[in-house]
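One structure below.
The values are calculated or read from the model by the stated rules, or taken from the named source; none is laboratory data. Quantities reported herein were computed from a predicted structural model and do not represent experimental measurements. Neighbour counts are summed over all protein chains in view; Cβ atoms, including those assigned to glycine, are modelled from backbone coordinates with ideal geometry. Heads up: the accessible areas ignore ligands, DNA and RNA and are worked out on the full protein's heavy atoms, side chains in. Shrake-Rupley method; radii C 1.70, N 1.55, O 1.52, S 1.80 Å.
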Amino acid sequence: MKKILLINLRRFGDIFYSGQVLKGLAEKYPKAEISILTYQESSRAARAFAQFQNIFTVDREKLGILLKGGPFSFAHSFKELKNSLESVGFEWDLIVNLSNCTVSAYLTSYLSQLENNYKGVRYNANGFLEFSDDWITWANEIMVDLSVTPFSYMEVFTKSLELNTHPKTPVEFVCREGHEVSTQNIFSRLHTFRDSDQIHTVALQLTASTPEKSASLQESKELIQQIFSHQNLYPILLVGPSKEDRIFAQALNEAFENSLFSIEADFIGLNSILKSIDILITVDTSVKHLAALHQTKLLELYFNQELLFKMPATSGSHLVLVDRNKVGTAFTTSAQFIANCCWDVLQDHDISSKTPAGTSIFNFDPGHGFSLIDTRERDVKELYGNYVYQRACVAFALEMKFQTTLSVFSKELLSEYREILSTILAAYREMNASGPISAKKIFSAINNLEPSNYGTSPFQVLLGVRKTQAMSKFCDDVEANRKVFKEFLLTTKDEFLNLKQSIVNNLESTQRQRHHEI
Amino acid sequence: MVNDWPLIATEGFLMYPYPQNENSTLQIKYSKTNLPVPIIRGVQLHSLYDPVKEAENLIEVGFETLRNKKAFLVFGLGFGFHVSALLKKLQAEGIQADILVIEPEEEIYKKYLDHCGPGPFKVVAGKSIGELYQDQEFIDFLCYRPGIVKHPPSFNLHVQYFKGLLSYRAKNNLEEFRTICGLNSETELGNLINDFTPDTHIFEIAKYEIIENDYFLIGMLNAIGATVKESEA
């Protein structure tokens, strides 16, 4: 593998988030040159990495103006885009589309020239979406409809690219001497405030892109107060280079009679800061993903359980989920709990405090996913149970790894196997009938296959993945489509049989075990 | 005849009279402040009293609405007093901006160069509206969403031209596509669109999916257009 191109057309946080893939690829292919293609507006994040051979950009803003029409011909935007991509070229051994969006799918098709040198999603010559492998198919077609995210996107790409979940190869960052010196100055000044060596700096990033992700001013005040009150912790406020962040930081600082240390930095400046702090408490922002790549200790703060499993920090972290409806005005207790957790994480201890009402704590490991450490909330326990079950279903369907979590559902799973298998066989009989076939008949057979709770059991996962993959092979020839559909039904039937056999084997071994115990 | 050559140009060490176009409708007069003022077809393009002062007033009056612009498109060059006034104003305000001047009459630009020399701004002179919209530099400049500064005497003299420039609509046909993209029959894409009439709309050929790999670029552009509309909404 000589030349690898990452395509990421999303925002800053997503660019940092894909640093995990960069690490994994750099470890797997140490001699490869890795480049990135991004929108110009997001390239600032890519420039924080020293590891990219090239940072290619597409100027979306300019294209947006040209595409408005009026005096601008479509030819202008076509020429602009083609010229932008000229420097990217087509000589790539591997193209990884990390964006999973329509634009990046077309881009991947264009740059790969439909050769089999891609990972992710792209369009095929018939204009259908096609997916590089089972994991990518599942993530794009099934995961998006689920109420929880059993595998985060980076876990999906780690599996798709067969990368190490804990790559040791460090990410190289751009650091400027000026930033390094000023960071050292700040932290040496900070050290003079410390009474003993037992005091650790806790950086706080409490504002994000939306209010539901951000800590409110009151919550931030209470959290900072609790950190101040902790004998071993000292808070530092991180401020993004935006007007809103500055106003928020100023309001916080006024509440503490301007005694807070606050540091404003761009992404390159942050590289120096993140190396110097002891731990970062952060809401769901781009900073957390950058910190994860620096191996900074992390405590993530969430206020919305729907967002919890989507994009955890890739280095692994502890996550505190606060249900505002239950905590209400009693955030002080949650803040105290967070400060105590912070100390435990710093000491590499297990979390010792009990969670207060409305507050839950999780751990995320990139190899094993989320673990619920403690909660007293029933809905959070149910949410986590659903996560664990979904995760086991997907791993079983796509990797044939039967997890004990599924054992208790063996009978239900076998019943579902019989139900779905009968629909597969019915569809096969219909397709196998002699006489002409119509496109309508094929699509009707496809629709009849779809189970009601799509994607919530291993059989549904596998059926959904295989069906999507078969449909992407469809073309204008109805007879050819019938053949593809029949092949899909037969293959899926065989795979179902393997899954069923694993469940039966597990069931038998459990029964034998019980028999011996008796 | 020598008396008909009022301007002197230099080339190397040789001095020779600059030939005046006998059919030219452009005359030069001097203001009371001793600055050259062009008069074309009887229309005086700057004040004969104080062209600098006049230009500064023009810029001062309209500047507030353009304060946040990083690029300026100036309609009409004349002898550039208003462009110099704009540059001076930008410098005073600490604003860095690009300036592009559109001058329909090439002769004015030539005379301007003779009298004033090139300024720190770009001038496009004597191009038709169609040619302008095929000029990549002009298109790139428009993408900066420039503020428009009209030089009233030049604008009024070429009112149809400037109105045409502002109301121009692209045709989006294959002829335009071929010209803008600089395609010839030797290129794959140029060869593929040969079978269509020049006035065929570009989207007509896109739907036949015959432009092979470039089809993905069209798909991509449509998707980018949708994301831009979405983010604006």
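Among the residues of the range A:35-59, those that are in contact (Cβ under 8 Å) with a residue 24 or more places away in the chain, within 18 Å of residue B:230 (Cα to Cα) and not in a strand (DSSP E or B) comprise A:42, A:59.
If you go through the range B:99-120 and keep only what is over 15 Å from residue B:82 (Cα atoms) and of a type in the set (D, E, K, R), you end up with B:105, B:106, B:107, B:110, B:111, B:114. Every test in (1) at pLDDT 90 or above; (2) in contact with a strand residue (DSSP E or B) (Cβ under 8 Å, 6 or more places away or on another chain); (3) more than 22 Å from residue A:198 (Cα to Cα) is passed by residue A:281 save one, and that test is (3). Flag: residue B:149 matches the condition of being surrounded by 14 or more Cβ atoms within 10 Å (Cβ to Cβ) and more than 12 Å from every other protein chain (Cβ to nearest Cβ).
Sub-9 Å Cβ pairs linking a first residue in the range B:26-37 that is modelled with pLDDT under 90 and open to solvent by less than 100 Å² (accessible area, probe 1.4 Å) to a second residue that is assigned to a strand (DSSP E or B) and not hydrophobic (A, V, I, L, M, F, W, C), at least 6 apart or interchain, are B:26/B:38, ordered by first then second residue. Quick check on this structure: which one of A:108, A:137 is under 19 Å from residue A:157 (Cβ atoms), modelled with pLDDT of 90 or more and within 13 Å of another protein chain (Cβ to nearest Cβ)? Going through A:108, A:137 in turn, the sole match is A:108. The conditions of being polar (S, T, N, Q), closer than 26 Å to residue A:77 by Cα and open to solvent by 50 Å² or more (accessible area, probe 1.4 Å) are not met by residue B:91. Applying the set (1) surrounded by fewer than 20 Cβ atoms within 10 Å (Cβ to Cβ); (2) in contact (Cβ under 8 Å) with a residue 24 or more places away in the chain to residue A:64 leaves exactly one unmet item: (2). I'm trying to understand the selection: among the residues of the range A:281-316, which are within 17 Å of residue A:383 (Cβ to Cβ), open to solvent by less than 10 Å² (accessible area, probe 1.4 Å) and in contact with a His (Cβ under 9 Å, 6 or more places away or on another chain)? Scanning the range A:281-316 gives a single hit, A:300. Restricting to the range B:152-178, count the residues that are of a type in the set (Phe, Trp, Tyr), within 14 Å of chain A (Cβ to nearest Cβ) and more than 22 Å from residue B:201 (Cα to Cα). Qualifying residue count for the region: 1. For the range A:99-145, a residue qualifies if it is open to solvent by 20 Å² or more (accessible area, probe 1.4 Å), on the phi > 0 side of the Ramachandran plot and within 23 Å of the chain's Cα centre (by Cα), and exactly one does: A:100. Scanning the range A:322-341 for residues that are under 23 Å from residue A:278 (Cβ atoms) and touching a helix residue (DSSP H, G or I) at 6+ places or on another chain (Cβ under 7 Å) yields A:322, A:334, A:335, A:336, A:338, A:339. When residue A:10 is tested against (1) within 14 Å of another protein chain (Cβ to nearest Cβ); (2) farther than 30 Å from residue B:179 by Cα; (3) among the basic types (Lys, Arg); (4) part of a helix (DSSP H, G or I), exactly one condition is not met: (4). A single entry from A:75, A:46 fulfils the requirement of being touching a Phe, Trp or Tyr at 6+ places or on another chain (Cβ under 8 Å) and facing chain B (nearest Cβ under 8 Å): A:75. For the range A:111-134, the set of residues classified as within 13 Å of chain B (Cβ to nearest Cβ) and among the small types (Gly, Ala, Ser) consists of A:112, A:125, A:127, listed by residue number. Scanning the range A:146-178 for residues that are among the small types (Gly, Ala, Ser), within 16 Å of the chain's Cα centre (by Cα) and open to solvent by 30 Å² or more (accessible area, probe 1.4 Å) turns up just one, A:147. The residues in the range B:73-88 that are under 13 Å from the mean Cα position of the chain (by Cα), among the aromatic types (Phe, Trp, Tyr) and buried (at least 23 other Cβ atoms within 10 Å of the Cβ) can be counted, and the count is 0.
Here is a yes/no grid of residues against (1) in contact with a helix residue (DSSP H, G or I) (Cβ under 8 Å, 6 or more places away or on another chain); (2) under 30 Å from residue B:63 (Cα atoms); (3) free of Cβ contacts under 8 Å to residues at least 12 places away in the same chain:
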| site | (1), (2), (3) |
| --- | --- |
| B:150 | yes, yes, no |
| B:190 | yes, no, no |
| B:198 | yes, no, no |
| B:204 | no, no, yes |
| B:224 | yes, no, yes |
| B:230 | no, no, yes |
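crowded, with 16+ Cβ neighbours inside 10 Å and touching a Gly at 6+ places or on another chain (Cβ under 6 Å) - does that describe any residue in the range A:346-359? No, the range A:346-359 contains no residue that is crowded, with 16+ Cβ neighbours inside 10 Å and touching a Gly at 6+ places or on another chain (Cβ under 6 Å). Candidates are the residues of the range A:13-34 that are more than 20 Å from the chain's Cα centre (by Cα) and not in a helix (DSSP H, G or I); the one that is surrounded by the most Cβ atoms within 10 Å (Cβ to Cβ) is A:34. Looking across the range A:122-178, the residues that are farther than 21 Å from residue A:389 by Cβ and without any contact (Cβ under 8 Å) to a residue 12 or more places away in the chain come down to A:125, A:127, A:177, A:178. I'd like to verify a number: residues in the range A:83-98 that are in a helix (DSSP H, G or I) and open to solvent by 20 Å² or more (accessible area, probe 1.4 Å), how many? The total comes to 3. Filter the range B:179-197 down to residues that are within 13 Å of another protein chain (Cβ to nearest Cβ) and part of a loop (DSSP other than H, G, I, E, B) and give me whichever is least open to solvent (accessible area, probe 1.4 Å). My answer is B:183. For residue A:269, the conditions (1) of a type in the set (Gly, Ala, Ser); (2) crowded, with 17+ Cβ neighbours inside 10 Å; (3) out of contact with any Lys or Arg (no Cβ under 9 Å at 6 or more places or on another chain) all hold with the exception of (3). Of the listed requirements (1) facing another protein chain (nearest Cβ under 10 Å); (2) in a helix (DSSP H, G or I); (3) out of contact with any strand residue (DSSP E or B) (no Cβ under 8 Å at 6 or more places or on another chain), residue B:216 misses just one: (3).
Can you name the number of the only condition in (1) within 14 Å of chain A (Cβ to nearest Cβ); (2) open to solvent by 20 Å² or more (accessible area, probe 1.4 Å); (3) under 25 Å from residue B:38 (Cβ atoms) that residue B:102 fails? Single failed check for residue B:102: (2).
Of the residues examined, residue A:334 is not one that is among the small types (Gly, Ala, Ser) and open to solvent by 50 Å² or more (accessible area, probe 1.4 Å). Among the conditions (1) open to solvent by 30 Å² or more (accessible area, probe 1.4 Å); (2) closer than 22 Å to residue B:224 by Cα; (3) among the polar types (S, T, N, Q), the only one that residue A:51 does not satisfy is (2).
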